[in-house]
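Reviewing the structure listed below.
The values are calculated or read from the model by the stated rules, or taken from the named source; none is laboratory data. These figures come from a predicted structure and were not determined experimentally. Cβ placement follows ideal geometry from the backbone for every residue including glycine, while neighbour counts extend to all protein chains displayed. Surface areas here come from the heavy atoms of the whole protein model, side chains and all, with no ligands, DNA or RNA. Shrake-Rupley method; radii C 1.70, N 1.55, O 1.52, S 1.80 Å.
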Amino acid sequence: QVHMVESGGGLVQPGDNLTLSCTVSGSAFAFHDWAWYRQAPGKQRELVAGISASYKTSYSDPVKGRFAISRSNAATVTLQMNSLKIEDTAVYFCNKLCASSTCFFAWGQGTQVTVSS
């Protein structure tokens, strides 16, 4: 059974930085591609950034150049978020980087990021 615990969210102002962490339990971490997703109020969950098992990264257009995803051997996926914007406000989740909705692990609680002036 794989569980993800997201942390690091908070209330920040536009232009601030924030670092999110996702700790993954279970033995499957090293073999999977991982990603951060977010869900804003009234919107569908969307992919923010992904990192493959070989450390190749990818980003959605809204965050490209501002966010950085990384992974460690300690089963942690980190999202460094710089120059935050109001539109980055959402609940952030980590999970496998999936092309199909049937491949995800059970979702964790996520961590709330609120960007407000």
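So is residue 76 open to solvent by 60 Å² or more (accessible area, probe 1.4 Å), under 13 Å from the mean Cα position of the chain (by Cα) and hydroxyl-bearing (Ser, Thr, Tyr) or not?
Against the criterion (open to solvent by 60 Å² or more (accessible area, probe 1.4 Å), under 13 Å from the mean Cα position of the chain (by Cα) and hydroxyl-bearing (Ser, Thr, Tyr)), residue 76 does not qualify.
State whether one or more residues within the stretch 108-116 are over 23 Å from residue 11 (Cβ atoms), in contact with a strand residue (DSSP E or B) (Cβ under 9 Å, 6 or more places away or on another chain) and either charged (D, E, K, R) or surrounded by 14 or more Cβ atoms within 10 Å (Cβ to Cβ) (or both).
So far as the stretch 108-116 goes, no, none of its residues is over 23 Å from residue 11 (Cβ atoms), in contact with a strand residue (DSSP E or B) (Cβ under 9 Å, 6 or more places away or on another chain) and either charged (D, E, K, R) or surrounded by 14 or more Cβ atoms within 10 Å (Cβ to Cβ) (or both).
Wholly within the stretch 1-73, which strands (runs of 3 or more DSSP E) include no fewer than the required count, namely at least 3 residues that are within 12 Å of the chain's Cα centre (by Cα)?
3-7, 18-25, 34-39, 46-51, 67-72
I want to confirm something. Restricting to the stretch 1-18 and keeping residues that are touching a Gly at 6+ places or on another chain (Cβ under 7 Å) and open to solvent by less than 60 Å² (accessible area, probe 1.4 Å), which single residue is modelled with the lowest pLDDT?
Filtering the stretch 1-18 for residues that are touching a Gly at 6+ places or on another chain (Cβ under 7 Å) and open to solvent by less than 60 Å² (accessible area, probe 1.4 Å), the one modelled with the lowest pLDDT comes out as 2.
Within the set of pairs 6+ apart or on separate chains, which have a first residue in the stretch 84-107 that is open to solvent by 20 Å² or more (accessible area, probe 1.4 Å), a second that is in a loop (DSSP other than H, G, I, E, B) and among the charged types (D, E, K, R), and C-beta atoms under 6 Å apart?
That search, which allows pairs on different chains as well, returns 97/33.
Scan the stretch 24-44 for residues that are crowded, with 17+ Cβ neighbours inside 10 Å and either on the phi > 0 side of the Ramachandran plot or without any contact (Cβ under 8 Å) to a residue 60 or more places away in the chain (or both) and jot them down.
Answer for the stretch 24-44, where residues must be crowded, with 17+ Cβ neighbours inside 10 Å and either on the phi > 0 side of the Ramachandran plot or without any contact (Cβ under 8 Å) to a residue 60 or more places away in the chain (or both): 29, 36, 37.
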